[in-house]
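Have a look at the structure below before the remarks.
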Amino acid sequence: MKEQGAGTIYKRGNVWWVKIHQDGKPVYQSSKSVVRGDAVKLRNKLLGKKDRGELGGAGARIHINELLDDVLKSDIAESTRYIWNLVVTKHLRPAFGKLKASSLTTDRMKQYRAKRKAAGASDATVNRELTILRNAFNNARKTSPPKVYVVPYFSMVEETTVRQGFLTDEQYIKLRDALPDELRVLFVCAYYTGVGKSELLSVEWDWVDLEKGEISLPAHITKTKEGRTVPIIPGDMQKFLTAAKKQRDENWPDSKYVFNRSGKRITDFRTGWNKAVVAAGVPDLTFHDLRRTAVRNMRRANVPQVVRMAISGHKTTSMELRYNIVDGEDIAIAKKLMGKRKRQ
């Protein structure tokens with residue numbers, strides 16, 4: 001008698017046996033019993049081990065280090081790869097690397113979160129770190145044959161603290177002047193357009209048309225995977241880009257990246273940024289706050305929402321609306337406009 005499905009139950013003589021498949025190969029095991037119910041229990045036990053990667057075969061020997069290696073080689077932006085590699089090297093490998101993939105549990109991840117928070121990391125930071133690990137497992141499950149059969153549950157903590165930071169016009173001038181020369185043009189472009197850091201750091205001179213006043217971002221560098229055109233705003237943005245182009249042509253004409261140090265592409269600028277924000281009196285400002293600031297400034301300049309989104313690269317209105325911070329200046333403007341309204 002046989003029972004088909006995820007596993008097969010059959011008899012050899014009077015003894016019940018179980019057959020399942022692992023890595024495309026049949027695995028046989030005797031229940032050592034003449035009672036069919038014992039074979040059913042054995043089948044279910046084996047299928048459970050298979051799902052957890054504990055049955056044997058290549059998947060059972062995979063360590064998390066290998067999954068982390070693979071995710072760093074996956075199809076992600078180079079700037080993302082750089083940041084992920086820092087996180088993997090400093091935090092994920094020491095905590096999980098030597099573990100077998102099949103032994104990762106939600107409890108281990110909760111212990112990791114507690115340890116990181118005790119060291120001063122926020123829940124948002126830990127969420128980002130665990131997201132890299134989750135991507136590694138999801139990618140491994142999709143390989144052929146799968147390197148893991150089950151992705152454990154990744155418990156993410158709700159992020160209740162939403163950043164509200166942005167830069168005023170006065171602070172913009174102070175920070176612009178406090179930044180080192182190679183970061184000033186990057187800062188100005190982010191402040192006026194809201195283009196994200198990873199996209200900006202990928203911009204090449206071939207995509208910049210100073211005469212037309214446009215930067216063309218190809219699809220392969222954007223987060224939305226759709227190309228778009230960003231205007232070069234007259235004033236600081238145009239001035240600094242023009243000066244950067246002249247400096248590049250005179251000193252390192254073969255350098256293709258707009259944002260560079262002595263011709264070499266900038267990949268990390270935390271040291272220069274951190275010193276400058278302190279000197280400018282805005283120590284808590286992040287580079288991402290420039291994205292929020294640009295959206296707010298475009299809104300105040302009556303740039304239509306659809307155009308704001310096209311420039312900054314926001315895909316959904318909900319993301320764009322998150323950056324529409326209302327502050328004291330907004331209230332003052334509203335008060336002035338409402339005061340001018342003719343009474344009926």
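The values are calculated or read from the model by the stated rules, or taken from the named source; none is laboratory data. As the structure is a prediction and not an experimental result, all values here were calculated from the model. Here Cβ is always computed from backbone atoms with ideal geometry, including for glycine, and neighbour counts include all displayed protein chains.
Here Asp169 meets the list (1) under 28 Å from Val71 (Cα atoms); (2) at pLDDT 85 or above; (3) of a type in the set (Asp, Glu) almost entirely, failing just condition (1).
One line per residue, one yes/no per condition, for (1) over 17 Å from the mean Cα position of the chain (by Cα); (2) more than 30 Å from Gln305 (Cα to Cα):
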{"site": "Val126", "(1), (2)": "no, yes"}
{"site": "Glu129", "(1), (2)": "no, yes"}
{"site": "Ile132", "(1), (2)": "no, yes"}
{"site": "Phe137", "(1), (2)": "no, yes"}
{"site": "Lys142", "(1), (2)": "yes, yes"}
{"site": "Val148", "(1), (2)": "yes, yes"}
{"site": "Pro152", "(1), (2)": "yes, yes"}
{"site": "Glu170", "(1), (2)": "yes, no"}
{"site": "Arg184", "(1), (2)": "yes, no"}
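The residue that is modelled with the lowest pLDDT, among those in the range 295-315 that are within 15 Å of Val195 (Cα to Cα) and in a loop (DSSP other than H, G, I, E, B), is Lys315.
Would you check if there is a residue in the range 73-95 being more than 29 Å from Glu199 (Cα to Cα) and either charged (D, E, K, R) or surrounded by 15 or more Cβ atoms within 10 Å (Cβ to Cβ) (or both)? Yes; the residues of the range 73-95 include at least one that is more than 29 Å from Glu199 (Cα to Cα) and either charged (D, E, K, R) or surrounded by 15 or more Cβ atoms within 10 Å (Cβ to Cβ) (or both).
Being surrounded by fewer than 17 Cβ atoms within 10 Å (Cβ to Cβ), on the phi < 0 side of the Ramachandran plot and of a type in the set (Gly, Ala, Ser) holds for only one residue in Ala243, Ala294, and it is Ala243. With respect to Ser122, determine if the residue is touching a Ser or Thr at 6+ places or on another chain (Cβ under 6 Å) and in contact (Cβ under 8 Å) with a residue 12 or more places away in the chain. No; evaluated as a whole, the condition is false for this residue. Residues in the range 276-307 that are of a type in the set (D, E, K, R) and in contact (Cβ under 8 Å) with a residue 40 or more places away in the chain: Asp284, Asp289, Arg291, Arg292, Arg296. One residue stands out in the range 114-160 among those that are closer than 14 Å to Ala101 by Cα and of a type in the set (D, E, K, R): the one that is surrounded by the fewest Cβ atoms within 10 Å (Cβ to Cβ), namely Arg141. Out of Val188, Val195, Val151, which single residue is without any contact (Cβ under 8 Å) to a residue 24 or more places away in the chain and either closer than 30 Å to Thr125 by Cα or in the same structural domain as Ser79 (by TED's automatic domain parsing) (or both)? Going through Val188, Val195, Val151 in turn, just one is without any contact (Cβ under 8 Å) to a residue 24 or more places away in the chain and either closer than 30 Å to Thr125 by Cα or in the same structural domain as Ser79 (by TED's automatic domain parsing) (or both): Val151. Residue pairs whose Cβ atoms lie under 6 Å apart, separated by 6 or more positions or on different chains, with the first residue in the range 20-42 and in contact (Cβ under 8 Å) with a residue 40 or more places away in the chain and the second hydrophobic (A, V, I, L, M, F, W, C), do not occur. Quick check on my filter: what residues within the range 227-256 are of a type in the set (Ser, Thr, Tyr), in contact with a Leu (Cβ under 8 Å, 6 or more places away or on another chain) and over 20 Å from Gly313 (Cα atoms)? Result: Thr242, single match. Checking each residue of the range 222-230 against the condition of being in contact (Cβ under 8 Å) with a residue 60 or more places away in the chain, touching a Lys or Arg at 6+ places or on another chain (Cβ under 7 Å) and crowded, with 17+ Cβ neighbours inside 10 Å gives at least one match.
Residues that are out of contact with any Gly (no Cβ under 6 Å at 6 or more places or on another chain), assigned to a loop (DSSP other than H, G, I, E, B) and not small (Gly, Ala, Ser) were ranked within the range 231-240; the one that is surrounded by the most Cβ atoms within 10 Å (Cβ to Cβ) is Ile233.
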